[in-house]
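Right, one structure below, let's go through it.
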Amino acid sequence: MGPAVYKQGKRSAMPDAVRPMLATLSEGITNNEQYLYEVKWDGYRIIAFVNKKKLRLDSRGGLNYTNRYPLITDALRALNRNMILDGEVVVFDAAGHPRFNLVQLYNGQDTPISYYVFDILYLDGYDLTRLPLTTRKSILQELTAGNDIIRFSDSFDDGEALFHLMKEKRWEGVIAKRKESEYIQDDRSYNWLKFPVKQIDEFVIGGWAESDKARHFRSILFGAYDKGKLIWLGRSGGGFKEKEMPGILKQLKAREISKTPFMNKVLDTKGAVIHWVKPELVAHFEYAEMTESGRIRKPATWKGFREDKDPKDVIIPLIKNINETAAEKMADTVPAKSKPRKKKEPVKTKSPAKKKPIYLNEDSGWEKVDKEQEAAHWQPFEMPNCTIPVHNLERELWEGVPKGKLLIYYSEISGYILPYLKDRPQSLNLKLTHAGGPRTFIKDMEHRQPGCAAVFTDKRRVKKAGKRTQIDYLVCNNLETLIYLVDLGCVDVNIWASRTAHIEEPDYLWLDLDPTIDKDLKNEQLAKAEAKGFAQTIEVAMATKELLDKRRLTGFVKTSGKTGMHVYIPCSHFNFKQARALAYRLADEIHSLVPGISTRQESINNRDDKVYIDAGQNDYADTLAAPYSIRPYHQPLVSTPLEWKEVRKGLDRYSFTMETIRARLRKKGDLWLKLGDAKIIAANNKGLEKI
């Protein structure tokens, strides 16, 4: 392994603790080029902290399991590196199948055991968590090559085939991970997804039912927490080995209490005598499916205690179908304009009575939002992390395109757009009437954001009378926040070039190729002017590619969603002043290649119907439309990533719509997957330093 690879991480002291990154329970696995696929191992999740002074193996819940696995600790020490690894301790049975109960029983012996590692967070003084997953895995693979105990958990491109193999083997399932994802502690999002062959989850035991036969008990009652309250979900009457049952019953009796710990009623007791227990025990259960009301449909199968889990961490499982569940739910609330209304109408309720709103800034854009929503019909849209009220789903943004359809689009496309939004502050461009209507601009959330949304608090750089000295920018890190900002009135989603973790350093330079169009033209004349302008933009984009190749720079191109194109040039460690200066030099060089059709004149009156090569949007807090964002223009066109070979004469910007983008993604996938590739960024840094 070349030292430069892991040294792309951030120089840092080794942390003392890690909250493991988590996977979202999902169903309906389909291949997606954005993801790689791994075996979901049936074992114990273990974080290994290794350095010359000490070694520690922590469970997911932070319990110290170091002494349980001497073979693993010896193998880790033999690697002779300072590191933090994430993986699964696995024990195989005689037939070669991983068995969770064998891991449970393993305690200090030297019989065969494996530590399947799938991630590396730290190595020899460098924090690797911000590197893309593919880079981290390449480091990890080389580090563990040839090791019989510390085994590299392989990745596969064909998730569907892997899932079918897991089903044939009757193994646990498949984990899908976004290739470019960073390691985000305690994060449970679309970055990592789990597709179990069997539905297996941890639940909290709250009671047991007596048996009227010779068995020690009939069944165990279990549940999970929801907002701090224990909710009964189901029962388990099978899977117990006869010799295990006395020990299980002994643990239950030791915790017996007089009142039920469940907040809801336990159903279908069938006359059995029920005993309640303190909710202190967690166990693994296998079940067929969960009903919409949140109950296990049939009795579950006992799989064993989970002593490494805190009962309070056991929450009701959330089933998410990648990019679809929220969209389908949203679609149920939006009647199609061209079809008869379904019997189930949207809830036509005025917004609940509120106290007189408080505005923290003079001339606050929230006054217009409140006025628009006050008279709007609304309904609560329940989502996994919080409930988002949605308003006026039938309001037309374009002719025949209601707001509800836009919400469905963003729900369906969320798996593609959210990675480009994550940790980037938002400046909200609201259209409160229709897509072509006047703009209401909001930066400061003024404490209006939903509870599951993040904000970035920044000091106001230019003081203004009547305005706060701070600005709370919305940060869109989940689907709930995306639905919220679109419901507010955002047709397009505009992002900063920097992330909150390094807010003064952009992740890319931006070039906005913007043809000059006379907005006063009408109908056919406007259409001709836009066609001519886009054709010239293509020529300027081709000149941009020529210059990038000459400078040995890698750029990523997309349609703007209007009449222009955007070029992103990934980089790192430059501040905004440097980034702007570099972008200006590149723009000047591009202009020199096509002076007849391009301009660098900032004043629109001096551009003479040429393509403006705009490098001025590379300052702190400047924004540009995110990939896959719909733009508020004549039609709902999508700002679509392109292959450079597509940038040629005849390219039709009208072919990239909210109706066609899904088929394109199925065929081509996300063409910008390598936007954050560490090798590309390193090479671009070298090229930019020579300008």
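The values are calculated or read from the model by the stated rules, or taken from the named source; none is laboratory data. Source: prediction; values computed, not measured. Glycine gets a Cβ as well: all are built from the backbone with ideal geometry, and neighbour counts include every protein chain shown.
Assorted remarks:
The rows are residues; the columns are (1) β-branched (Val, Ile, Thr); (2) modelled with pLDDT of 95 or more; (3) crowded, with 21+ Cβ neighbours inside 10 Å; (4) not assigned by TED's automatic domain parsing to the domain that holds TRP672.
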position	(1), (2), (3), (4)
ARG395	no, no, no, yes
GLY400	no, no, no, yes
TYR410	no, no, yes, yes
ILE413	yes, no, yes, yes
PRO419	no, no, yes, yes
GLY436	no, no, no, yes
LYS443	no, yes, no, yes
VAL455	yes, no, no, yes
ARG460	no, no, no, yes
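- Any hit, region 82-99, residues being more than 23 Å from THR134 (Cβ to Cβ), buried (at least 19 other Cβ atoms within 10 Å of the Cβ), touching a Lys or Arg at 6+ places or on another chain (Cβ under 7 Å) and not assigned by TED's automatic domain parsing to the domain that holds PHE305: yes
- Residue in region 26-43 that is part of a strand (DSSP E or B), β-branched (Val, Ile, Thr) and at pLDDT 95 or above present: yes
- Residue match in region 564-581 (condition: modelled with pLDDT of 95 or more, of a type in the set (A, V, I, L, M) and surrounded by fewer than 21 Cβ atoms within 10 Å (Cβ to Cβ)): yes
- Output for region 60-78, where each listed residue is closer than 29 Å to GLY173 by Cβ and modelled with pLDDT of 85 or more: THR66, TYR69, LEU71, ILE72, THR73, ALA75, LEU76
- For region 614-663, a residue qualifies if it is of a type in the set (D, E, K, R) and either in contact (Cβ under 8 Å) with a residue 12 or more places away in the chain or closer than 25 Å to ASP549 by Cα (or both), and the qualifying residues are ASP614, ASP619, ASP622, ARG631, GLU643, LYS645, GLU646, ARG648, LYS649, ASP652, ARG653, ARG662.
- Selection within region 75-103 - out of contact with any strand residue (DSSP E or B) (no Cβ under 6 Å at 6 or more places or on another chain) and more than 22 Å from MET14 (Cα to Cα): VAL91, ASP93, ALA94, ALA95, GLY96, HIS97, ARG99, PHE100, LEU102
- Considered as a group, the residues in region 413-462 that are among the polar types (S, T, N, Q) and not in a loop (DSSP other than H, G, I, E, B) include one that is farthest from TYR620 (Cα to Cα), and that residue is SER414.
- Region 646-687, subset in contact with a Phe, Trp or Tyr (Cβ under 6 Å, 6 or more places away or on another chain) and not aromatic (Phe, Trp, Tyr), residue farthest from LEU128 (Cα to Cα): ARG653
- When region 404-457 is filtered for residues that are of a type in the set (S, T, N, Q) and over 21 Å from VAL475 (Cβ atoms), only THR433 remains.
- One residue from LEU521, LEU509 being closer than 27 Å to ARG653 by Cβ and under 28 Å from the mean Cα position of the chain (by Cα): LEU509
- Test: residue in region 560-576 that is in contact with a His (Cβ under 8 Å, 6 or more places away or on another chain) and of a type outside the set (Lys, Arg): yes
- Within region 356-377, one or more residues are in a loop (DSSP other than H, G, I, E, B), closer than 30 Å to ASP507 by Cα and not hydroxyl-bearing (Ser, Thr, Tyr).
- Residue that is under 21 Å from LEU488 (Cα atoms) and at pLDDT 75 or above, where the choices are LYS355, LYS329, LYS368, LYS350: LYS368
- Residues (modelled with pLDDT of 95 or more, out of contact with any helix residue (DSSP H, G or I) (no Cβ under 6 Å at 6 or more places or on another chain) and within 26 Å of LYS443 (Cβ to Cβ)) located in region 603-615: TYR612, ASP614
- Filter result for LEU513 (touching a strand residue (DSSP E or B) at 6+ places or on another chain (Cβ under 8 Å) and closer than 29 Å to HIS634 by Cα): yes
- The single residue among ASP487, ASP458, ASP444 that is farther than 29 Å from GLY676 by Cα and touching a Phe, Trp or Tyr at 6+ places or on another chain (Cβ under 9 Å) turns out to be ASP487.
- Residue check: LEU79 meets all listed conditions (1) of a type outside the set (Asp, Glu); (2) buried (at least 22 other Cβ atoms within 10 Å of the Cβ); (3) farther than 20 Å from LEU133 by Cβ but one, namely (2).
- Taking the criterion of being within 27 Å of the chain's Cα centre (by Cα) and at negative phi, the residues of region 569-590 that qualify are ILE569, PRO570, CYS571, SER572, PHE574, ASN575, PHE576.
- Residue within region 285-299 that is more than 27 Å from THR30 (Cβ to Cβ), modelled with pLDDT of 85 or more and not assigned by TED's automatic domain parsing to the domain that holds TYR409 present: yes
- Exactly one residue out of ASP58, ASP110 is surrounded by fewer than 13 Cβ atoms within 10 Å (Cβ to Cβ), without any contact (Cβ under 8 Å) to a residue 60 or more places away in the chain and among the charged types (D, E, K, R), and it is ASP110.
- Options LYS250, LYS312, LYS278, LYS259; residue that is farther than 30 Å from GLU394 by Cα, surrounded by fewer than 17 Cβ atoms within 10 Å (Cβ to Cβ), under 33 Å from the mean Cα position of the chain (by Cα) and modelled with pLDDT of 80 or more: LYS312
- Count of residues meeting criterion [part of a helix (DSSP H, G or I) and either surrounded by 16 or more Cβ atoms within 10 Å (Cβ to Cβ) or not acidic (Asp, Glu) (or both)] in region 497-544: 24
- Qualifying residue in region 128-135 (condition: over 21 Å from LEU55 (Cα atoms), in contact (Cβ under 8 Å) with a residue 12 or more places away in the chain and of a type in the set (S, T, N, Q)): yes
- If you filter region 174-188 down to residues that are touching a Lys or Arg at 6+ places or on another chain (Cβ under 6 Å) and in a loop (DSSP other than H, G, I, E, B), you find that the one that is modelled with the lowest pLDDT is ASP186.
- Hits in region 540-551 - residues which are free of Cβ contacts under 8 Å to residues at least 60 places away in the same chain and either outside the structural domain of SER639 (by TED's automatic domain parsing) or out of contact with any helix residue (DSSP H, G or I) (no Cβ under 6 Å at 6 or more places or on another chain) (or both): GLU546, LEU548, ASP549, LYS550
- Of everything in region 545-563 that is part of a helix (DSSP H, G or I) and either charged (D, E, K, R) or in contact with a Gly (Cβ under 6 Å, 6 or more places away or on another chain) (or both), the residue that is surrounded by the most Cβ atoms within 10 Å (Cβ to Cβ) is LEU548.
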